[in-house]
Every structure is written in structure tokens, then in C-alpha cells.
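The values are calculated or read from the model by the stated rules, or taken from the named source; none is laboratory data. Everything numeric in this text was worked out from a predicted model, so none of it was measured. Here the Cβ positions follow ideal geometry from the backbone for every residue, glycine too, while neighbour counts run over all protein chains shown. The area values use the complete protein model at the heavy-atom level, side chains included, leaving out ligands, DNA and RNA. Shrake-Rupley method; radii C 1.70, N 1.55, O 1.52, S 1.80 Å.
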Amino acid sequence: MTLVISDLHLCEERPDLTALFEHFMQEIAPQSNELYVLGDLYESWIGDDDDSAFVESTIALFRAYSDSGNKLYFQHGNRDFLLGDTFAQKTGGELLPEVHPIQLGDKQAIMMHGDSLCWDDKEYMQFREMVRSEQWQQQLLSQPLEVRRGIAADLRRKSREAQENKASAITDVHPQAVEEVLKDHKAQVLIHGHTHRPDFHDIEVDGKHCQRIVLSDWGEKGHYLTIEGDSVTEHYFEAS
């Protein structure tokens, strides 16, 4: 069985989210043999050299999962795009490209974080292009940890303020973007996070029935998908 999660937004300031994550990794994840994390695992990621006790504790939970012989995969989100090879090595996982193909029975599916599909949010798309550039990332990672923590806090604050002033439709995926990525990868199913709007959408692309499955962010409850054969099922849970 395969599990899929996204948009946990883990941070030291939210022990409730950490409790959900611990419950998931200790009680739910061991029932699977594959776990996909589709971005925004952390509220922010300032570099693989972050040695805080909080980060080390989350890495240890992933390591226990992979050490049990299970496969672990990560995609970058808009909050943790600096996750790197060192993080992957520590967790025993693998970093995936922005679009990752999987097979659902006889259907081709793709997994994404989903932020690159929000074409109408032009301000964010410009920001995304900047922070994904190698030059910008190298400049940031060259700063001391404490400086990076301050920069990350400032970026989070600006992001919250920007979201409050944007219409709901602007921050959702663009239908044409969805169609194009499905056609480009010859897929019938798209699984993504980012928008925090969980749902199973039936759509038509070039006269063919397709599906867009959206994961929820974590809050009072956690959310995950199970994949068995061609069946995708969503689940909510609370920490015990």
C-alpha cells in the first residue's frame, strides 16, 4: 500500500501538528510500503544544515520508516524548496522532480506539489521563479543559520499578508495548467497539494475523462491518501 501526504507545515510553534505527524509516522505509516510527501512538509526550510532538535526529531521518524525497508519520497513545496540531498540521505528517502509519474492500475498518474499550476497568481509565480534560481539559493545558503531563520520568518509574514489580499480563485490552480500537464505526461490522474482545498475533481481533457485529486493541509486533523491498485482513498485522523 502507498500513502501520500502534503502540506503538513511542520514547525516548532505548532506542537499540535508535530503530534499529528508523530502519530502518523508511528501508527499509520508502518502499514504501508511507500510514502510520498508532496511538498510543504515544513513551514519553512532554511537548509540541510539546520541542526535544531525539532528538525532532528522529524528526520528520525522518517529514518525509522525507511530503515524498516519502506520506500520514502519527497517533492519540494513552496515552503521547503531548499530540501537537499543531505536531508534525503538522513531520512533514507529520495528527492523527486517537480512532476513524478506513477501507475494506478491501467491509468497513468502524476504527482506534484501544485504551486506551479497557479498561473493566475502572477505575483507568486514571479517570486517562485526568483527563489528557485540557483543564484538566489546559493546566496541565501551562504548566510549563517540565524540570519536565514530571520529571512524565513520575514518571508512567511509577507506570504500571509499577500494571501489575505488575494481573491480565492487567484490562488487556485488554473484549468489550462492542469490540462497541459496531464497532456504533456500522457496522464489521466493528477494528485497534488498546495491549494489546501481537498477534493476529487472529475475533468475532461481532449474528450477523455480525467481526475484531479487534491490533498488537504494539516490542522486539527491530519489528511492522507491510500493507493492500492487503481483505487485512491482519502482519510482523516486525529492524534491519539
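Laid out as a table, the results:
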item: Full-stretch length increase - Lys186, Tyr236 - with 0.36 nm per residue and alpha-carbon distance subtracted; result: 15.0 nm
item: Whole-number Å³ per residue for the convex hull built on Cα positions in segment 37-111; result: 86 Å³
item: Cα-Cα P(r), the chain, percent of pairs per 5 Å interval; result: 1, 6, 14, 18, 20, 17, 13, 8, 2, 0, 0
item: Cleavage-rule hits (GluC sites (Glu not before Pro)) in segment 188-240: DSSP loop, at most 13 neighbouring Cβ within 10 angstrom; result: Glu220, Glu238
item: HN-Hα J in Hz across segment 201-216 - Karplus 6.51, -1.76, 1.60, θ = phi - 60°, x for Gly and Pro; result: 9, 8, 9, 10, 10, 6, x, 10, 6, 10, 9, 10, 10, 10, 7, 8
item: Backbone HN-Hα couplings from phi across segment 47-55 [Karplus 6.51/-1.76/1.60, Hz, Gly and Pro as x]; result: x, 5, 8, 5, 10, 5, 4, 4, 5
item: Percent RCO, i.e. relative contact order, over the chain, from Cα pairs under 8 Å lying at least 6 residues apart; result: 24 percent
item: Accessible area of Ser68 in the full protein assembly, 1.4 Å probe (Å², nearest 10); result: 90 Å²
item: Percent carbon-and-sulfur accessible area, the chain, ignoring ligands, DNA and RNA, probe 1.4 Å; result: 46 percent
item: Average accessible area per residue (Å²) across segment 61-195 - probe 1.4 Å, nucleic acids and ligands excluded; result: 52 Å²
item: Helix-derived mean residue ellipticity, 222 nm - over the chain, DSSP H n ≥ 4, -39500 (n - 2.57), to 500; result: -10000 deg cm²/dmol
item: Members of Lys71/Lys186; Lys71/Lys183; Lys71/Lys158; Lys183/Lys221 lying beyond 31 Å, as alpha-carbon distances in this model show; result: Lys71/Lys158; Lys183/Lys221
item: √(5λ) per eigenvalue of the Cα gyration tensor, segment 24-165, largest first, Å; result: 27, 21, 13
item: Segment Trp119-Glu179, length gained on full extension (0.36 nm per residue, minus Cα span); result: 20.3 nm
item: Coordinate range along principal axes, alpha carbons of segment 85-159, Å, largest first; result: 49, 37, 22
